[in-house]
1. Do we find a residue being of a type outside the set (A, V, I, L, M), assigned to a helix (DSSP H, G or I), touching a Leu at 6+ places or on another chain (Cβ under 9 Å) and in the same structural domain as PHE91 (by the TED database) anywhere in the range 370-379?
2. From the list PHE179, PHE208, PHE204, PHE193, which residue is of a type in the set (A, V, I, L, M, F, W, C), closer than 21 Å to ILE160 by Cβ and open to solvent by less than 20 Å² (accessible area, probe 1.4 Å)?
3. Would you say VAL80 is in a helix (DSSP H, G or I), open to solvent by less than 70 Å² (accessible area, probe 1.4 Å) and not hydroxyl-bearing (Ser, Thr, Tyr)?
4. Before we move on, is PHE361 in contact with a Pro (Cβ under 9 Å, 6 or more places away or on another chain) and not basic (Lys, Arg)?
5. Using the structure shown, decide if PHE337 is assigned to a loop (DSSP other than H, G, I, E, B), within 24 Å of THR57 (Cα to Cα) and of a type outside the set (Asp, Glu).
6. Could you look through the range 151-176, keep only residues that are open to solvent by 40 Å² or more (accessible area, probe 1.4 Å) and in contact with a Ser or Thr (Cβ under 7 Å, 6 or more places away or on another chain), and pick out the one that is farthest from MET375 (Cα to Cα)?
7. Any idea which of (1) at pLDDT 80 or above; (2) outside the structural domain of ALA214 (by the TED database) is the one LYS180 doesn't satisfy?
Amino acid sequence: MERDTSSSDVSASHVGRARQRRRPTEATADGNRTNGPALLVNDQNKYKSMLIRTYSTVWMIGGFVLIVYMGHLYIWAMVVVIQIFMAKELFNLLRKSSEEKQLPGFRLLNWHFFFTAMLFTYGRFLSRQLVNTVTSDHLLYKVVSGLIKYQMFICYFLYIAGFVWFILTLKKKTYKYQFKQYAWTHMILLTVFAQSSFTVANIFEGMFWFLLPASLIVINDIAAYLFGFFLGRTPLIKLSPKKTWEGFIGASVTTIISAFVLANVMGRFQWLACPRKVRYHFLWNVIDLSTGWLRCDPGPMFKPEHYSLGEWVPKGFPWKEVVLLPVQWHALALGLFASIIAPFGGFFASGFKRAFKIKDFGDSIPGHGGITDRMDCQMVMAVFAYIYHQSFISPQNYSVELILEQILRNLTFEEQKFLYQQLGEIYRERQLMQS
């Protein structure tokens, strides 16, 4: 009994000392329970995390600027590389090594579907843009035209080949795992390629419509991090405990202002505002994918307009008018979406990661996680930018370039010659009527 008493006394005293040592931590924990989950502002290693994140951000922004300077084709290549990394990270989420050992070559099937989807997505885009790559007198023209004409059939055949491959690899003890992987693969392809097709379309409509929305997401992300880092106190959403209202509001204001200013800066560069279109030559017709800067008439959206300040400013104010681009007003809509709606792509990703009990999708970017962690909001923003451009910016009428492209893409050389003769006769008849 004495041993038990002494032992209980020692335990009590030990617990008392332990509790005495933990009081500051317990008070902090209680405070966190009151105010919500622990925020980044209370992390002891927050400055180390900030330095790593800043270092990675500087490298990413520098690389991105270099690729943008190189031109449309290189940005397109960057999108493809990002897609491959995203697919790799997402494919790994549901993989189980025990089942994979029983299914040699099953991982290769995922990539078969991936590259088939890539050929289908970009093949459709190429069929609209790159049909007339060589003169109609060359054999290569017929080969390219045939591939593009039957591109959908080729992609369907490749998909069916993958489908048959999947059925033949089914094993009795792994049915459930294999069908999960099959469904998961198709969801990844829909998520990745649905938005990427809009991203590529934005690039060729004019680099402005790709660069501005992407920059606004980056600005919103950085501003939300900094405002939350230094001022964050109030939790924003349970799905992402380190997100705060202070960061969300501060980032929203910063993004909207940045959208208005950046649109004015970017809109003054023709090589950003001009779309990359098909250029025509009397011997051949190709889409211009060179890295040189574009020259064109960008349209009224990018023509400066003078606005008088009038009575809005005091008499001694040095500026009586401001020069703005009409596209700046549209940029406000992009900024509003980037600051209020696009972050919900990040919240969705946070909930997704919680469902799988992981912190990040990958570790390819120090301080940020994986590629998918950086692209969650970009995917939402790219789709909106394309829809907004097509609805409110893009001209709805047919242009000479568009009609000429359709003629060269859909008519044979003999049909084009016949059309040329018919147009010549119509032109001569109209000249006679006018004279």
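1. First pass over the range 370-379, keeping only residues of a type outside the set (A, V, I, L, M): 370, 372-374, 376-378.
Next cut, assigned to a helix (DSSP H, G or I) only: 372-374, 376-378.
Now drop any that are not touching a Leu at 6+ places or on another chain (Cβ under 9 Å), which leaves 372.
Narrowing further to those that are in the same structural domain as PHE91 (by the TED database): 372.
For the range 370-379, residues of a type outside the set (A, V, I, L, M), assigned to a helix (DSSP H, G or I), touching a Leu at 6+ places or on another chain (Cβ under 9 Å) and in the same structural domain as PHE91 (by the TED database): present.
2. Values: PHE179 fails: open to solvent by less than 20 Å² (accessible area, probe 1.4 Å); PHE208 fails: closer than 21 Å to ILE160 by Cβ; PHE204 fails: closer than 21 Å to ILE160 by Cβ.
When all the criteria are applied, what remains is PHE193.
3. Working: in a helix (DSSP H, G or I): yes; open to solvent by less than 70 Å² (accessible area, probe 1.4 Å): yes; not hydroxyl-bearing (Ser, Thr, Tyr): yes.
Criteria met by VAL80.
4. Here the answer is no, as PHE361 does not meet what is asked.
5. The answer is no for PHE337.
6. Looking at the filtered set, the residue picked out is LEU158.
7. Among (1) at pLDDT 80 or above; (2) outside the structural domain of ALA214 (by the TED database), LYS180 violates only (2).
The values are calculated or read from the model by the stated rules, or taken from the named source; none is laboratory data. Please read all numbers here as calculations on a predicted model, not as lab measurements. Cβ: placed from backbone, ideal geometry, glycine included. Neighbour counts: every protein chain shown. Ligands, DNA and RNA are excluded from the accessible area calculation, which covers all protein heavy atoms including side chains. Shrake-Rupley method; radii C 1.70, N 1.55, O 1.52, S 1.80 Å.
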